[in-house]
Each structure stands twice: as structure tokens, then as C-alpha cells.
1. Pairs needed: first member in the stretch 56-68, under 7 Å from Q140 (Cα atoms); second member anywhere, among the polar types (S, T, N, Q); C-beta distance under 6 Å; at least 6 residues apart or different chains.
2. For the stretch 44-73, how many residues meet the condition of being touching a Gly at 6+ places or on another chain (Cβ under 9 Å) and farther than 15 Å from S131 by Cβ?
3. Scan the stretch 95-149 residue by residue and report those that are aliphatic (A, V, I, L, M) and outside any strand (DSSP E or B).
4. Scan the stretch 106-151 for residues that are surrounded by 12 or more Cβ atoms within 10 Å (Cβ to Cβ) and among the small types (G, A, S) and report the count.
Amino acid sequence: MSAQPHVIQPGSRIWMHLAIHLSDGTEALSTFAEEPLAFTLGDGTLTPGTEALLLGQAAGAPQERLVSGNDLFEAWEEAKLHWLAAEDFPGGVPAVGSLVAFAGPEGEEIAAIVKEVQGHRLLVDFNHPLSGRLLRLRYQILEVTGPAPER
């Protein structure tokens, strides 16, 4: 009698490879040529949307699926587009498409993308860079253990 494979559930320890590609084929992230991700489901390593895709799965062959960046990260919102003055960029005006970082209210780093430059102002997008995009997610779950028993 063989043991049932562990399936991913909240608190599971997971070792996996993950790659995210834009619809044009551009690779946004990949661990396939590196060490696999090792994390506990729910620890914040992956977004809640990405974790939801993994629930109920066991280790096995590589998988691939098309997903919306809105589902994996957050819904794209027009309210997160802001016009900022060029003076807010002491190192000079960044080019359209540049990733810029700002300090958040609690000192955390907030990334944004410059979408447009008009004279002395810049349109900056504070949405997650992959929100609103069609993505190809490729992953391979290598091992699943736990979750740890309650004490």
C-alpha cells in the first residue's frame, strides 16, 4: 500500500520552481535555472492569488496556465495613476517605462512605472507591474510536506 502524496493546503511547506512570462514571451521571473523556492503556504512569499492556484496540488510534472495578473497580484486601478512633478525626481527625469521606487508611509519601498512625461510632470503608475496583463505561469511543485501538526 503506497502513501498518499501530500497536497498543498494552508501551512504546507513547498519546494517548487516558478516562471512568469508576459503574453509577448518576455520572462518576468524564473527560478528554473536557480534554487527552487522554498516556503510555507501563507508566509507571504507568494501573493494570495498565486497561492490559491496551488491549493490541492501535489508534487509532479511541470504545469503551465494562462492567468490574469489581476488574479495573481491585484486588480489594476486607474486611481493608482498619479501625476508627479519632475522636481520629485532629484536624479533627473526618468524615461517612460522606467521602474522607480518611492518610500511608503511606513518606510517600505513602493515601486511604480513611469507611463508618460509631459513637460515638467510625469504620469506614474503605482499598480503592480503585472496587474492588468495576461500572463503565462509555468511551475513545477517538487515537494510538499505538512502542514505541521497543531500542538
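1. P62/Q140
2. Adding up the residues that qualify gives 1.
3. Answer for the stretch 95-149, where residues must be aliphatic (A, V, I, L, M) and outside any strand (DSSP E or B): A95, V96, L130, A148.
4. Matching residues across the stretch 106-151 total 5.
Where a number appears in this text, it was derived from the coordinates with a stated rule and is not lab data. Being a predicted model, the structure only gives us computed values, none of them experimental. A quick note on method: Cβ atoms are made from the backbone with ideal geometry, for glycine too, and the neighbour counts reach across all protein chains shown.
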